Each structure stands twice: as structure tokens, then as C-alpha cells.
1. If I stretch the segment between ARG66 and ARG207 completely, what's the gain in nm (0.36 nm per residue apart, minus their alpha carbon distance), one decimal?
2. Picking from ASP184, ASP124, ASP28, which is most flexible by a Gaussian network model of the chain using Cα springs under 10 Å?
3. Where in the chain is the longest stretch that carries no GluC sites (Glu not before Pro) classed as loop by DSSP and with at most 14 other Cβ atoms within 10 Å?
4. Suppose a student asked you for the relative contact order of the range 64-219, using Cα pairs under 8 Å spaced at least 6 residues apart; what percent would you report?
5. Would you check the accessible area of LEU63, probe 1.4 Å, heavy atoms only, in square angstrom rounded to 10?
6. Taking the Cα centre of the chain as origin and charging only Cβ (+1 Lys, Arg; -1 Asp, Glu), how large is the dipole, in debye to the nearest 20?
7. Per DSSP H run of n ≥ 4, the term is -39500 (n - 2.57); total these for the chain, divide by its residue number, and report the mean residue ellipticity at 222 nm rounded to 500 deg cm²/dmol.
8. Multiply the residue gap between ALA2 and SER145 by 0.36 nm, knock off their C-alpha separation, and tell me the result in nm, one decimal place.
Amino acid sequence: MAKKQYAVIGMGRFGSSVAKALSGMGFDVLAIDADEQRTQEMSSIVTHAVSADSTDEEALRALGIRNFDVVVVAIGEDIQASILTTLILKDLGVPAILVKAKSELHGKVLSKIGADKVIYPERDMGMRVAHHLASPNILDYIELSPDYSILDMKVSGPMVGKNLQELNIRARFGCNVMAIRQGDEMNISPRPEDRLMEGEVLVIVGRKDNLTKLEMAYP
Ligand code: ATP
């Protein structure tokens, strides 16, 4: 199978980080920014770096943008440019468009005009940090949809030595333990009778309100 081709528009902190990471994984990446200095900084890191204004349809067409499998729009401040760029990419027939949004309203507009995925890096990172601050046992919190999330919860205190049957998380909180992690090892079919050990991490999926109850029960 041919390697996927990525283009990233906007080399701010977020866009350049996405571009660098994809490049590091061995993918071909086209980095685009209106600011020549930004593209120059990326030129030794990604396959191609070009300066162009992404609100200029002809410029995007000339770059052959529709031949890319995925285009990431990482323009935050200039909402108008972000929306126009997304619209043009959609019109040109780019198969997958991911766009970074600054606010819920910005995100709503992006979804309406056809962005395939809208990402809120600041909001999501803030949420993850808040959950960890509220309960240090929560190592990570990932939103799956407006109603559902996944959380990583450290086995500690009253959980140690119990098994999943005794904890009964499904019946008590309506959440599901999908996996138990220990370091880099992931047990994706945990048995109800296995004793939990200090240092293990439960990977739990559930409705957000139920996960909050679970977090409160094991602070
Ligand atoms: P960060 O990821 O650093 O938080 P941000 O959300 O603040 O970034 P901006 O700094 O507004 O986003 O924009 C990111 C980059 O996008 C900048 O380098 C800017 O030059 C570039 N950019 C803005 N508008 C356009 C455009 N129309 N065409 C191409 N690049 C653009």
C-alpha cells in the first residue's frame, strides 16, 4: 500500500508539531505557511515546505493539494482564514480534512462546511490536565464524543488486591474496564478474577457523568 501523503497548513506551535511528528514517522509531509520564515524553519524537517496563502484557491490548486490524502489546517488566530481554507479544500475534493478550532463556535462552523475532524488542542489538553489535578490517580482523560470518554486510572489504595469482579465497576458506575496496563504491557482482555496490583493502570470507557462518579469514588 502506498504511504499516505500529508499536507499541514499553518506552522504555528500545533501545526509544526504535527508536521514534525508525521515526518519523524517516515511520512511525506508538505508544510505550508504564509510566512516565509516559518516555512524556511521547516524546510530541513519535512519533505517540502512552501510559502503560500491558503485562502488563495489557485495557490492551493497549483500545489496539487487535492492529491494529498489528509490535509491538516492549523490556523488558529485568523478564524476567517481557517474557514476559507477549509471551504476551498472541501471544494477541491481533499478526502480528509482535519482542522484545529479555537472555540466551540469556530468548530461548529468548520463541521458545517465539511471538515472531517475538528480538533481543540487547548481545550482537550486543559481538560486532561484538570482531571489529573483533581485526582492524581487519573493519568489521562481522552474525550471520545460529547458524551463519552476514556480514562486511565492508577490502581491505588482500596483497589489494590481486589479483582474486577469485586470492584464491580460496570454495575456500580456503568463504565467498562477495557484493558489493564503495566508499563508498556497492555492486557486487553483482563479477567474478572485477576488481582489488581499497585502500579497497574485501568483503561476505562464510559459516559462522562459516570466516569466523574468513578473518579470521585477513588480520589
Ligand atoms: P499555535 O499552534 O502556535 O497555537 P495559533 O493557533 O495561534 O498557533 P496562528 O499563529 O494564528 O495560530 O497561525 C499559525 C500559522 O498559520 C502562522 O504561522 C501563520 O503564519 C499561518 N497562517 C495564518 N494564516 C494563513 C494563511 N491564510 N495561509 C497560510 N498560512 C497562514
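1. Numbers: separation 141, 0.36 × 141 = 50.76 nm, distance 3.77 nm.
Here the segment from ARG66 to ARG207 would lengthen by 47.0 nm.
2. ASP184
3. Working: sites that count: GLU77, GLU193, GLU198.
Between the exposed loop sites, the longest stretch runs 78-192.
4. Details: 264 pairs, mean separation 26.6, N = 156.
Rounded, it is 17 percent for the range 64-219.
5. 50 Å²
6. Values: 25 positive and 30 negative charges, 140 e Å.
The dipole of the chain has a size of about 680 debye.
7. On the way: 9 runs with 81 residues, N = 219.
Value at 222 nm, helices only, nearest 500: -10500 deg cm²/dmol.
8. On the way: separation 143, 0.36 × 143 = 51.48 nm, distance 3.08 nm.
Roughly 48.4 nm would be gained on extension.
The values are calculated or read from the model by the stated rules, or taken from the named source; none is laboratory data. All values reported here derive from a predicted model rather than from experimental measurement. Every residue, glycine as well, gets a Cβ built from its backbone with ideal geometry; the counts of neighbours run over all protein chains shown. Note: accessible area is taken over every heavy atom of the protein model, side chains too, but ligands, DNA and RNA are not part of it. Shrake-Rupley method; radii C 1.70, N 1.55, O 1.52, S 1.80 Å.
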